[in-house]
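Heads up, the thing below is written out as structure tokens.
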Amino acid sequence: MQRLENTRPGLVAALLCCWAGHMAAAETPAPTATVKIAVFPFELEDFSAAASVVARDAEKSHLAEATEEAKQQLVESGRYSLIDTKGAETDKALQDCEGCEATLAAKLGADQSLLGVVSKISNTEYVIKLKVRDARSGEIVANYTSELRMGADYSWPRGVRSSMKNHLLVAK
């Protein structure tokens with residue numbers, strides 16, 4: 001009898017460890033597949049007093065940086081995988097085609113599309129818009145705006161990062 005009583009605490013501890021391990025495994029969410037997303041090059045919409053039809057070289061560079069920042073944030077989240085958009089170029093601005101980016105994304109094999117537009121109000125005031133669409137239905141999945149006041153065009157990637165981290169990539 002003495003011998004059996006000395007083994008009970010060890011047996012109880014072993015059972016508790018097994019139970020705790022089982023509960024931890026039961027609470028671990030099943031891995032989800034990443035969403036395949038086509039991120040199209042960011043576009044400029046210029047409403048400033050000195051608006052031009054064609055973006056300046058510096059603006060083109062900052063748009064490219066903003067696009068790369070969005071891609072980086074999506075990949076780092078672990079929830080998205082990028083689909084290459086090369087070959088899906090069109091002669092008109094995607095912001096003007098009322099959702100055609102979703103159709104292009106679907107043809108590329110993506111689940112979703114992301115289109116970013118930087119609206120230039122003045123040399124120090126910008127609005128960054130991110131629009132995500134379901135590639136099959138064309139429905140808007142997410143639509144976020146980040147206003148940059150008293151900034152400069154080199155701050156566009158920072159505005160994208162802020163919108164991504166504070167809105168699009170917030171855990172649901």
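The values are calculated or read from the model by the stated rules, or taken from the named source; none is laboratory data. Worth saying up front: this structure is predicted, and the values here are computed from it rather than measured. When we count neighbours, we look across all protein chains shown, and the Cβ atoms used for this are built from the backbone with ideal geometry, even at glycine.
If a residue must be acidic (Asp, Glu), under 18 Å from LYS129 (Cα atoms) and at pLDDT below 90, how many such residues does the range 85-105 contain?
Count: 2.
Based on this model, can you work out whether GLU76 counts as without any contact (Cβ under 8 Å) to a residue 12 or more places away in the chain and either closer than 16 Å to SER162 by Cα or among the small types (Gly, Ala, Ser) (or both)?
Yes: the conditions hold for GLU76.
Is the range 139-148 home to any residue that is over 17 Å from the mean Cα position of the chain (by Cα), more than 23 Å from GLU89 (Cα to Cα), at pLDDT below 90 and not in a loop (DSSP other than H, G, I, E, B)?
Yes - at least one qualifying residue is present in the range 139-148.
Mind telling me which of the residues ALA55, ALA20, ALA66, ALA49 ends up being within 24 Å of CYS100 (Cβ to Cβ) and at pLDDT below 85?
ALA55
Return the pair list, or none, for Cβ contacts closer than 9 Å from residues in the range 82-107 that are without any contact (Cβ under 8 Å) to a residue 12 or more places away in the chain and surrounded by 16 or more Cβ atoms within 10 Å (Cβ to Cβ) to residues that are part of a loop (DSSP other than H, G, I, E, B) and not hydroxyl-bearing (Ser, Thr, Tyr), at least 6 apart or on different chains.
The qualifying pairs are CYS100/LYS92; CYS100/GLY138.
Does the range 136-166 hold any residues that are surrounded by fewer than 19 Cβ atoms within 10 Å (Cβ to Cβ), more than 20 Å from GLU125 (Cβ to Cβ) and not β-branched (Val, Ile, Thr), and which are they?
Those that are surrounded by fewer than 19 Cβ atoms within 10 Å (Cβ to Cβ), more than 20 Å from GLU125 (Cβ to Cβ) and not β-branched (Val, Ile, Thr): ARG136, SER137, GLY138, GLU139, ALA142, ASN143, LYS165.
If I go through the range 115-135 residue by residue, how many of them are among the charged types (D, E, K, R), surrounded by fewer than 20 Cβ atoms within 10 Å (Cβ to Cβ) and more than 18 Å from the chain's Cα centre (by Cα)?
1
Go through the range 42-81 and give me each residue that's over 20 Å from VAL170 (Cβ atoms) and in contact with a Lys or Arg (Cβ under 6 Å, 6 or more places away or on another chain).
ASP46, SER48
Only one of (1) surrounded by fewer than 16 Cβ atoms within 10 Å (Cβ to Cβ); (2) touching a Phe, Trp or Tyr at 6+ places or on another chain (Cβ under 9 Å); (3) touching a residue at least 24 places away in the same chain (Cβ under 8 Å); (4) under 14 Å from LEU44 (Cα atoms) is not met by ALA64, so which one is it?
The one condition ALA64 does not meet is (3).
Regarding the range 156-170, can at least one residue be identified that is among the small types (Gly, Ala, Ser), touching a strand residue (DSSP E or B) at 6+ places or on another chain (Cβ under 6 Å) and in a loop (DSSP other than H, G, I, E, B)?
no
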